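Have a look at the structure that comes next, please.
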Amino acid sequence: MARGSLRNSPLLAALLGTVVTGLGHFYLRRWLRALGWLGLTVTASVLFVPDSVISAIGTGTLTNPLPILPIILISAASALDAYLIAK
């Protein structure tokens, strides 16, 4: 039985990138690109997400997900980028 290699698997890279932004790129050994996506996520959260929303996320009382939309979009773009690189 042939075993499929998980090395540079596009689906695994995208899944890892969905769990933690940049993790799919670390899996692909694209260190600088991973750090770039992670830095972009941190920068966007500092610039665009209010402190009250970050506190609500920490306590689990976030009722409106709209303020974290920049983080969600960056994470999705990172996962898509990891998928395309692996493909």
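Rounded to the nearest 20 debye, what is the charge dipole size of the chain about its Cα centre when +1 sits on each Lys and Arg Cβ and -1 on each Asp and Glu Cβ? Walk me through the intermediate numbers first.
Details: 6 positive and 2 negative charges, 108 e Å.
So the magnitude is around 520 debye.
Figure the gain on full extension for LEU66 and ILE54 (residue separation times 0.36 nm, minus the Cα-Cα span) and round it to one decimal in nm.
Going from the current span to full extension adds 3.1 nm.
Return one number: the angle in degrees, 0 to 90 and rounded to the nearest 10, between the long axis of the Cα atoms of helix 69-86 and the longest principal axis of the Cα atoms of the chain.
On a 0 to 90 degree scale, this one is about 10.
Separation between the LEU73 and ARG29 pseudo-spin-labels, each 7 Å from Cα along Cα→Cβ, expressed in nm?
Each label point is offset 7 Å from its Cα along the Cβ direction, giving 3.4 nm.
Note the direction-averaged projected area, equal to a quarter of the hull surface, for the Cα convex hull of the chain, in nm².
With the hull built on Cα positions only, its mean projection is 6.7 nm².
Then there's this: Sorted by packing (mean other beta-carbon atoms within 10 Å per residue), highest first, where do 58-68, 18-28 land?
On the way: 58-68: 10.3, 18-28: 21.0.
The densest-packed peptide leads the list: 18-28, 58-68.
So, in nm, how far is label LEU47 from label LYS87 when the simple model puts each one 7 Å beyond its Cα toward the Cβ?
2.8
If you don't mind, there's one more thing I want to ask. Can you list the HN-Hα couplings for the stretch 44-57, worked out from phi with the Karplus curve (6.51, -1.76, 1.60; θ = phi - 60°), rounded to whole Hz and with x for Gly and Pro?
5, 5, 6, 7, 10, 9, x, 4, 5, 5, 5, 5, 5, 5
None of the figures in this text is laboratory data; all of them are computed from the coordinates on show. The structure displayed is predicted, hence computed values, not measured ones. Positions of Cβ are backbone-derived with ideal geometry, glycine not excepted, and every protein chain shown enters the neighbour counts.
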